[in-house]
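Input: a single structure, listed below in structure tokens.
The values are calculated or read from the model by the stated rules, or taken from the named source; none is laboratory data. Since the model is a prediction, treat every value here as computed from it, not as a measurement. For neighbour counting, all protein chains shown are included, and Cβ atoms are generated from backbone atoms with ideal geometry for every residue, glycine included. Each accessible area value is taken on the protein alone, full model and side chains, heavy atoms only, with ligands, DNA and RNA left out. Shrake-Rupley method; radii C 1.70, N 1.55, O 1.52, S 1.80 Å.
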Amino acid sequence: MKKSTSLFARTALVTCAAVLACAPALAAEQIVFTSWGGSTQQAQQKYWAQPFTTKTGINVAMDGPTDYGKFKAMVESGNVNWDVVDVEADFAYKAAKDGLLEPIDFSVVPQKDLDPRFVDKFAVGSFYYSFVLGYSKNVYKKAEPATWADLFDLKKFQGKRTFYKWSAPGVLEIALLADGVPADKLYPLDLDRAFKMLDTIKSQIVWWSSGAQSQQLLASGEAPIGMFWNGRLHVLKQSGVNVGTSWQQNLTAADMLVVPKGAKNKGAAMKYLAMATSPEGQAKFADETGFAPINLKSESLMPAAAVSGLPTRFTTGQINLNMKYWSENREAIAKRWYAWQAQ
């Protein structure tokens, strides 16, 4: 949308710059934030975007889900329509290396209180999460699954299982852990062994491509057991779905917020990042979603009950996914991953 030069548009800037409905009148007063949809993006809109608009008068248009192919195509063509994008950490590292990102302006985005694990020259943390084993308590009443090995036990725990569809950290590690590989021996990934393990349950896999879809599969009973982002199970429980969660060997990582190279509203994007990573914005987002905040001051602003359910409270046996390894190997793994899915 091109910036209007009409008298109406100039008047709108003066009279209602802080009103969300009026902001689209000026392209300079709008940024596009792209994320993964569902309850996560709804919380990002509620606790980051809306307060940002109230404070600055800059509207935040929502888009999604995040699509890496589209991201790359935008930057390479020079026609970038996104300003801030929520991405997985390994993509952020690779995109930075490939010159697809704008550097973060830390004179605008306060860095001091951010978890240093999730701060990079070209990215800052969005939230911190775990892949956990989730299941329907209505289906598994007598014996509840607890380990990744249980996820591969079709006799004891019958039914479809659901896994993340895309070539990304998580599924291959889970297959190896289920097959008995020690956590400290996961990397470099033994792909032959991982795919051999996945072959044992391939006919029973239902793939989820977004967090919202994973919730639907579990809530409907179509796939009563699987791997999930912990926050998605948290939201299901809050809505009354009878869901169980096992934190054994939970796999941790963070989503990152990035600004695509050539973003049209880079200055406003940096201001948005400051709001998104603020103690208050992170605390409210974490309280609602169950994902951990990346601002170190946020937990002190949260109810004790909410803090007790965060990944930061389940560190025994916790495994950090190696995002640097994935940033270097994702494309090669992807070729084999998608070929295997298509067989």
- Item | the stretch 33-90: equivalent-ellipsoid semi-axes (sqrt of 5 x gyration tensor eigenvalues, Cα, Å) | 22, 15, 8
- Please give the direction-averaged projected area of the C-alpha convex hull for the stretch 127-220, in square nanometres with one decimal. 6.7
- Assigning unit charges at the beta carbon (Lys, Arg +1; Asp, Glu -1) and nothing else, what dipole magnitude in debye, to the nearest 20, does the stretch 224-343 show about its Cα centre? 400
- Query: Leaving out ligands, DNA and RNA, what percent of the accessible area of the chain is carbon and sulfur, probe 1.4 Å?
  - Reply: 53
- Task: Mind pulling the angle between the C-alpha long axis of helix 323-342 and the longest principal axis of the chain? Nearest 10 degrees, somewhere in 0 to 90.
- Result: 60
- Interatomic Cα distance distribution for the stretch 63-134, bins of 10 angstrom, percent: 16, 49, 29, 7, 0
- Query: Out of Ala286, Asn320, Met302, whose Cα points farthest toward the positive end of the dipole of the stretch 272-336 (charges: +1 Lys, Arg; -1 Asp, Glu; placed on Cβ)?
  - Reply: Asn320
- Message: Along the charge dipole of the stretch 163-248, pointing to its positive end and built from +1/-1 on Cβ of Lys, Arg, Asp and Glu, which listed residue (Val243, Trp207, Trp229) has its Cα farthest out?
- Response: Val243
- Which whole-angstrom value gives the distance between the alpha carbon centres of the stretch 127-150 and the stretch 247-265? 25
- Counting Lys and Arg as +1 and Asp and Glu as -1, each charge on the Cβ, what is the dipole of the chain about the Cα centre in debye, to the nearest 20? 420
- Long-range amide H contacts for Trp36: which residues qualify at under 5 Å (H placed 1.01 Å from N, peptide plane, sequence gap of 5 or more or a different chain)? Gln41, Thr66
- Query: Distance from the Cα centre of the stretch 66-111 to that of the stretch 208-229, in angstrom?
  - Reply: 28
- Multiply the residue separation of Glu76 and Thr315 by 0.36 nm, subtract the distance between their alpha-carbon atoms, and state the gained length in nm to one decimal. 82.0 nm
- Query: Summing -39500 (n - 2.57) over the DSSP H runs of n ≥ 4 in the chain and dividing by its residue number, what mean residue ellipticity at 222 nm do you reach, to the nearest 500 deg cm²/dmol?
  - Reply: -10500 deg cm²/dmol
- Query: How big is the stretch 28-156 by Rg and Dmax over its Cα atoms, in Å?
  - Reply: 19.0, 59
- Check: the stretch 56-111 dipole with +1 on Lys, Arg Cβ and -1 on Asp, Glu Cβ, in debye: 100
- Normalised Cα Rg of the stretch 206-343, dividing by 2.2 N^0.38 Å with N its residue count, works out at 1.22
- Message: With every protein chain kept in place and ligands, DNA and RNA left out, what is the accessible area per residue of the stretch 145-261? Probe 1.4 Å, answer in Å².
- Response: 37
- Item | Simple spin-label estimate for Ser308 and Val206 in nanometres, 7 Å along Cα-Cβ | 3.2
- Rh by Kirkwood over Cα pairs, then Stokes-Einstein D for the chain at 1.567 mPa s and 4 °C, µm²/s: 62
- Query: Quick one, what does Rg over Rh come out to for the stretch 209-283 if you take C-alpha atoms and the Kirkwood Rh?
  - Reply: 1.10
